[in-house]
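The values are calculated or read from the model by the stated rules, or taken from the named source; none is laboratory data. These numbers come from a predicted model, not from an experiment. Here the Cβ positions follow ideal geometry from the backbone for every residue, glycine too, while neighbour counts run over all protein chains shown.
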Amino acid sequence: MIKRPGRGNVQLSLQTKVFSTFVILLLFVLGCFIIYVNLIVVKPLKDTTIQEKLETAVKMSDQVDFYINSQNQLSQRILSSKEIFAILEEGKSTVSYESFQQQRKLKDIMFQAIGPSMNIKDMVIYDKQGTLFVSYLGDANNLSSLQSFIDGPPPTKHWNGSGILLMRQGDTLSFIRAINNQNGKVFGYLCIQSDQAYLQSLTGGVAQGEVYILDREQGLISGTGTSPDQTDLKKRLTGSGVYVDKFQNYVAYSESESTGWTTYLVTPKRAVLGPVNSVKYISILLISSLMVLSFVYIYFSARNLLLPIRKLRSQIWRINYSNLNVKMDSKAQNNELVLLNEAFQDLMDRLRQSIDREKLALHEEVKARNSALQAQIAPHFIHNVLYLISIAAQEGKNSVVSDMCKHLSDSLRYIVSSPYAHVTLAEELEQTRHYLSLVQQNYEDDLEWEIEADELSRQIQLPRLVIQPFVENCIEHAFTNTDPPWRIMITVKQFNGLWAVEIKDNGDGFPLDKIHEILDKLRQSDSNHAESQNLHSSIGNMGIVNSVHRLKLMYKNRLLFNLFNHPGEEKGATVQIIGSLTKDFY
């Protein structure tokens, strides 16, 4: 995240934008993949799994029909014997021997019909009144009469005494049919009994889940699990289909057209959707792993792609005039970034050349302006000194005139030797000493002056003749209404990387309007209006403004000028010049 200076809003970095763009694209691809998996893979797989459950239920129903058909074929083989009709027509004999012979013949018929297969529990023949006539194995649990099924109320209402009746009694499944001839005359009833486990074995192991077979009255015929809550199995279902019960189990059902029995395959949802969920979870795990890897790849790719740009940006932020070079990593493999760096470096070279030309022109302009201002000071100084020498000559002070000429010669040599070059503060103070020596010849003991400076003054650079005008201002204007001795103190100080020159006197001080006038002129000079002003030639105006203006031309905004009268009872004023010790001038 990047917060731009001067703005309250937060701007996203280029890396964040690139990463976000790729993440959004990746999420879009992920969404499309999830939709594809659900619609093209998961949904068809789910439909296929459910269809397989339905086909399994139909297959189990066919197994039940096969069992019923086998029982029906068995009964047909028994009914194919004519003797059974004759025996049942005669009725059961009361004579033991004849009754024994009847049972023997009927058992022989049943034995021949059953053959080598013994998949039945027992076989029973009843007379037309429904009374037990003979039992093949003589099971004690056989019904003694079918009267309740012939004339009784429901649940046997679907059987009218002819045709087929299927029923369950405990663990025994009974296949009951009427023994009738081609004319439909009923002679008796045949009951083929099978173990419920046999029917259960036909459906067991066919499918995962529990299998239930219900008759027309929803009576449980067979079940591979515990007795179900029959309210969970929908009643009166026709045909075949699949539904979800209240326990979220998938129930596939198939109704047999021949028997009316309905086969139910109850499978837990997790078992039905297990393969589907496996595909879904594997797909989610795979795409999640790909997403994580993609996020990491995108992050580092964006980082590696934009790292040179970030470095280039950081270097651009550190560019200043003294360092216009932008160094690019030589190992960068991105040709576009290399070309961008080369183009930007070329721009910096052209900009540096332009700045150098501009700086050179500005330097020459400042030197010319400084020279013009210095030229204004020199004639004024020479005029004042020659005036003092003429006074001393008129008074016949030949030795004084000689000394003054020597000091004037040294001052002129200082002014004319490389007049436009910078000088040290020590040289400027030495020139001020010459000037004060010249002036003292006129005022003698009435003027006292002192200059305090250390070796630091040899390191500070100044334009020529910037200290002397402040001293001239003191002599010409500060002592008009002050009794001697007149004192001038020049002190050089250093603190916190700054240097300061203080020029103090014990004179009358500056009138307040004069202070305002001088400061106004300096402010005008800061606004580049000084040259257009009609400056007076008096020391109090032109000398101070000229000197300060030349100092500011040299030090730019690294110089401070202060002018004030001494507070309280102390007489006089102080001029302060404070500048930086750095040497980056103009």
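Computed values, structure above
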{"read-out": "Residue within the stretch 489-501 that is of a type in the set (Lys, Arg) and either more than 60 Å from the chain's Cα centre (by Cα) or closer than 25 Å to residue 385 by Cβ (or both) present", "value": "no"}
{"read-out": "Residue within the stretch 421-437 that is in a strand (DSSP E or B) and surrounded by fewer than 18 Cβ atoms within 10 Å (Cβ to Cβ) present", "value": "yes"}
{"read-out": "Residue within the stretch 220-241 that is assigned by TED's automatic domain parsing to the domain that holds residue 265, over 25 Å from residue 49 (Cβ atoms), at pLDDT 70 or above and not hydroxyl-bearing (Ser, Thr, Tyr) present", "value": "yes"}
{"read-out": "Tally, over the stretch 94-132, of residues that are part of a loop (DSSP other than H, G, I, E, B) and within 21 Å of residue 69 (Cβ to Cβ)", "value": "7"}
{"read-out": "Pairs where the first residue, in the stretch 284-295, is under 13 Å from residue 37 (Cβ atoms) and not assigned by TED's automatic domain parsing to the domain that holds residue 34 and the second is surrounded by 15 or more Cβ atoms within 10 Å (Cβ to Cβ) and aliphatic (A, V, I, L, M), C-beta under 7 Å, 6+ apart", "value": "287/30"}
{"read-out": "Number of the condition not met by residue 554 [criteria: (1) over 16 Å from residue 423 (Cβ atoms); (2) in contact (Cβ under 8 Å) with a residue 60 or more places away in the chain]", "value": "(1)"}
{"read-out": "Where residue 176 falls short, out of the listed (1) more than 22 Å from residue 85 (Cα to Cα); (2) at pLDDT 80 or above", "value": "(1)"}
{"read-out": "Residues that are under 23 Å from residue 244 (Cβ atoms), in a helix (DSSP H, G or I) and among the aliphatic types (A, V, I, L, M), drawn from the stretch 257-286", "value": "271, 272, 276, 279"}
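The rows are residues; the columns are (1) over 14 Å from residue 256 (Cα atoms); (2) in a helix (DSSP H, G or I).
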residue	(1), (2)
51	yes, yes
60	no, yes
63	no, yes
69	no, yes
77	yes, yes
84	yes, yes
89	yes, yes
92	yes, no
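Residue-wise test of (1) among the hydrophobic types (A, V, I, L, M, F, W, C); (2) modelled with pLDDT of 70 or more.
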| residue | (1), (2) |
| --- | --- |
| 362 | yes, no |
| 366 | yes, no |
| 373 | yes, no |
| 388 | yes, yes |
| 431 | no, yes |
| 437 | no, yes |
